[in-house]
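What follows is one structure encoded as structure tokens, with my remarks underneath.
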Amino acid sequence: MHFSIHGNDAVKRKVEITNIMIKNIVKGKQIFSKKATPATEADRQVITDLLDTLRANREICVGMAANMIGVNKAIIVVAAGPFQFAMVNPVITKKSGEYQTEESCLSLDGARNCTRYKEIEVDYLDQDFKPQHGKYSGWTAQIIQHEIDHCNGIII
């Protein structure tokens, strides 16, 4: 078992316990300046690292995109209640119920206004790279939209 903690900020920690890898969260707008490239099965470790990092930051984080840990791939992870799941190469195929809200992000300081949708449908690959189609609403839909924006190079 190996622990390596850098700095006093809990967000800036890196802890390795057997196969668990908690990555540092990258800060700043530059990480969202370009669109993520599609993920492949060679990116399985990125999914694991994202899920580990999300779980380690559950008290302050409900979703993450791969670029938040320095990997420019179209992979997001979402916390929905007690569950965390990955979406690989997610694409919103349908949306309804537009509303305005304010969001913040671990990678950016402050909060920003943005447009979201109450209900969305998403095509994606699960962490086993099997095609999925999901319908999401409310808070979970908002998290997914936020993280997909990160993959698309959109700064909220």
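All of the numbers you see were taken from the coordinates with simple rules; none came from a lab. These numbers were taken from a predicted model, which means no experiment stands behind them. Glycine gets a Cβ as well: all are built from the backbone with ideal geometry, and neighbour counts include every protein chain shown.
The table below lists the values:
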item	result
Hits in the range 55-90 - residues which are part of a loop (DSSP other than H, G, I, E, B) and either of a type outside the set (Lys, Arg) or more than 19 Å from residue 139 (Cα to Cα) (or both)	57, 59, 60, 61, 62, 70, 71, 72, 74, 81, 82
Residue check for residue 114: part of a loop (DSSP other than H, G, I, E, B) and either among the hydrophobic types (A, V, I, L, M, F, W, C) or under 24 Å from residue 33 (Cβ atoms) (or both)	no
Pick from the range 128-149, criterion in a helix (DSSP H, G or I), of a type outside the set (Asp, Glu) and over 12 Å from residue 87 (Cβ atoms), ranking: nearest to the chain's Cα centre (by Cα)	146
The range 102-114 - residue that is under 14 Å from the mean Cα position of the chain (by Cα) and farther than 19 Å from residue 92 by Cβ and, of those, surrounded by the fewest Cβ atoms within 10 Å (Cβ to Cβ)	104
Long-range neighbours under 7 Å by Cβ, at least six apart or interchain, first residue more than 16 Å from residue 130 (Cα to Cα) within the range 41-55, second part of a helix (DSSP H, G or I)	46/66; 49/69; 50/66; 50/69; 53/69
Cβ pairs under 6 Å, 6+ apart, first in the range 111-129 and of a type in the set (S, T, N, Q), second not in a strand (DSSP E or B)	127/47
Out of 117, 99, 124, sole residue that is touching a strand residue (DSSP E or B) at 6+ places or on another chain (Cβ under 8 Å), aromatic (Phe, Trp, Tyr) and buried (at least 21 other Cβ atoms within 10 Å of the Cβ)	124
Check on residue 80, surrounded by 14 or more Cβ atoms within 10 Å (Cβ to Cβ), out of contact with any strand residue (DSSP E or B) (no Cβ under 8 Å at 6 or more places or on another chain), over 23 Å from residue 33 (Cβ atoms) and not polar (S, T, N, Q)	yes
